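Participant: Below you'll find the structure I mean.
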Amino acid sequence: MSHRRRLGTLLLALSTAFLTGGGRQALAKQRQRPQPTRTHTGEVRDRSFPVMGLAARAKAYRSPVVRSGGGISAAAQLCARYENELDSRESAPRTGTFTFNIRDDVDAYAAQYCNGEYLPRFVDRNPNIAGAPVSESPIYMGRRSQLSVR
């Protein structure tokens, strides 16, 4: 048997032993470890009544690229689906407050705010700096009925 073949057989045996023994569990634990995150608070408000908070779906994305096949649809209340979702929250109904938790390894993120009665808002650049609020907070949303054409 040649040296290369013996070395290949040895490496195969070692990797098999690692994966069938405790090595597989160690790898699984390492994958399950939560990523450190940075928090970003924000508020969603009604443009007509700025003191009023809104319940809205707030989503953070790694990039503002629309997901293929996921474009804007009536069912999604004109909210597009973007690639690489990082976090999704519902803002509190009376205060409009929410908090994103964004992984440390992300430099910046895009955010989308949706509520069926309001036009969606999209902010494409939010820096992921520890403790920084979301950009443009409070986020003001205008009602669809106020902007409809008759």
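Participant: Considering only the stretch 92-139, state which residues are part of a strand (DSSP E or B), more than 23 Å from Ser63 (Cβ to Cβ) and modelled with pLDDT of 95 or more.
Facilitator: Within the stretch 92-139, just Thr97 meets the criteria.
Participant: I'd like the residue in the stretch 121-143 that is polar (S, T, N, Q) and either within 16 Å of Val106 (Cα to Cα) or touching a Pro at 6+ places or on another chain (Cβ under 8 Å) (or both) and, out of all such residues, is surrounded by the fewest Cβ atoms within 10 Å (Cβ to Cβ).
Facilitator: By that ranking, first place goes to Ser135.
Participant: Out of all the residues in the stretch 78-85, is one or more under 19 Å from Gly142 (Cβ atoms), at pLDDT 75 or above and surrounded by 19 or more Cβ atoms within 10 Å (Cβ to Cβ)?
Facilitator: Within the stretch 78-85, one or more residues are under 19 Å from Gly142 (Cβ atoms), at pLDDT 75 or above and surrounded by 19 or more Cβ atoms within 10 Å (Cβ to Cβ).
Participant: If you scan the stretch 98-120, which residues turn out to be in contact with a Pro (Cβ under 6 Å, 6 or more places away or on another chain) and touching a residue at least 24 places away in the same chain (Cβ under 8 Å)?
Facilitator: Scanning the stretch 98-120 gives Asp104, Ala110, Cys114.
The values are calculated or read from the model by the stated rules, or taken from the named source; none is laboratory data. In this text, all values refer to a predicted model and were calculated from it rather than measured experimentally. Positions of Cβ are generated from backbone atoms using ideal geometry, with glycine treated the same way; all protein chains shown enter the neighbour counts.
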